[in-house]
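The values are calculated or read from the model by the stated rules, or taken from the named source; none is laboratory data. From a predicted model like this one, the values you see are computed outputs, not experimental measurements. Glycine also receives a Cβ, built like all others from the backbone with ideal geometry; neighbour counts cover every protein chain displayed. Just so you know, the surface numbers come from the protein's heavy atoms only, side chains and all, with ligands and any DNA or RNA stripped out. Shrake-Rupley method; radii C 1.70, N 1.55, O 1.52, S 1.80 Å.
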Amino acid sequence: NLSGLLGARAQYEEIGYEGTRGDVRLVPGDLPLVGVAPSSGSGRSYYTAATGKVGLKYEFSTEAQTYLTWSTGYKGAGYETEFTADFANQDPVKPERAKAWELGYKAQMFDGKLTLNTALFHAKYHDLQVQANRGDAALGLVRFVTTNAGDSTTRGAEIELTSRPFTGLALS
């Protein structure tokens, strides 16, 4: 009744950008975008990553099982390509990496009329990618960009209950 899970991925990532924004020509009725100036440039970056997952599952019966998994994750790097971007001087947003574990229990009861799924989870992120305002309040400029915010940890519990009292009705 005990089974194992093992998976791995190796990846190579090459990202780049090239951008040019000339003088902004306004037509009657347009409002100028404060702080947006002509800009041109390009950039290229290369990254490698290895991610994986390992786990165990124990089946108490065909209707009930528990599992424990540990995994790593990767979200690729990126460049700002919004219309307000400064194309001349960009460093890429660093890749986001995660390590996580999950412990869960799944069961179906009463001939499948009731399903219970529960999980405890814990994830630690490194170089978390977030949206941040890099505008200038004095100029009234709001400019959201993706940036790295350091490390973050999430943890919690999930409970999902679904009842199917009769055909055609499901309550979750």
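The one condition from (1) touching a strand residue (DSSP E or B) at 6+ places or on another chain (Cβ under 9 Å); (2) in a loop (DSSP other than H, G, I, E, B) that Pro165 does not meet is (2).
Selection of segment 26-76 for residues being surrounded by fewer than 12 Cβ atoms within 10 Å (Cβ to Cβ) and aromatic (Phe, Trp, Tyr) yields Tyr46, Phe60.
For segment 1-13, the criterion of a residue being over 26 Å from the mean Cα position of the chain (by Cα), modelled with pLDDT under 95, of a type outside the set (Val, Ile, Thr) and open to solvent by 90 Å² or more (accessible area, probe 1.4 Å) is satisfied by no position.
For segment 110-118, the count of residues that are open to solvent by less than 90 Å² (accessible area, probe 1.4 Å), over 30 Å from Pro38 (Cα atoms) and part of a loop (DSSP other than H, G, I, E, B) is nonzero. Whenever a residue of segment 5-16 is of a type in the set (Val, Ile, Thr), its partners that are open to solvent by less than 100 Å² (accessible area, probe 1.4 Å), lying with C-beta atoms within less than 9 angstrom and at least six residues away or across chains, give the pairs Ile15/Gly43; Ile15/Ser45; Ile15/Tyr47; Ile15/Gly76; Ile15/Ala77; Ile15/Gly78; Ile15/Tyr79; Ile15/Pro92. The residue pairs whose first member lies in segment 149-161 and is touching a residue at least 24 places away in the same chain (Cβ under 8 Å), whose second member is outside any strand (DSSP E or B), and whose beta carbons are closer than 6 Å, counting only pairs six or more residues apart or on different chains, are Ser152/Leu128.
Just to be sure before I move on: is Glu82 on the phi < 0 side of the Ramachandran plot, surrounded by fewer than 17 Cβ atoms within 10 Å (Cβ to Cβ), out of contact with any Gly (no Cβ under 8 Å at 6 or more places or on another chain) and in contact (Cβ under 8 Å) with a residue 60 or more places away in the chain in the structure I sent? For Glu82, the condition - on the phi < 0 side of the Ramachandran plot, surrounded by fewer than 17 Cβ atoms within 10 Å (Cβ to Cβ), out of contact with any Gly (no Cβ under 8 Å at 6 or more places or on another chain) and in contact (Cβ under 8 Å) with a residue 60 or more places away in the chain - is met.
Could you tell me whether segment 4-16 includes any residue that is of a type in the set (S, T, N, Q) and over 30 Å from Thr69 (Cα atoms)? No, that holds for no residue. Count of segment 123-139 residues, restricted to those that are over 13 Å from Glu80 (Cα atoms) and open to solvent by less than 60 Å² (accessible area, probe 1.4 Å), is 4.
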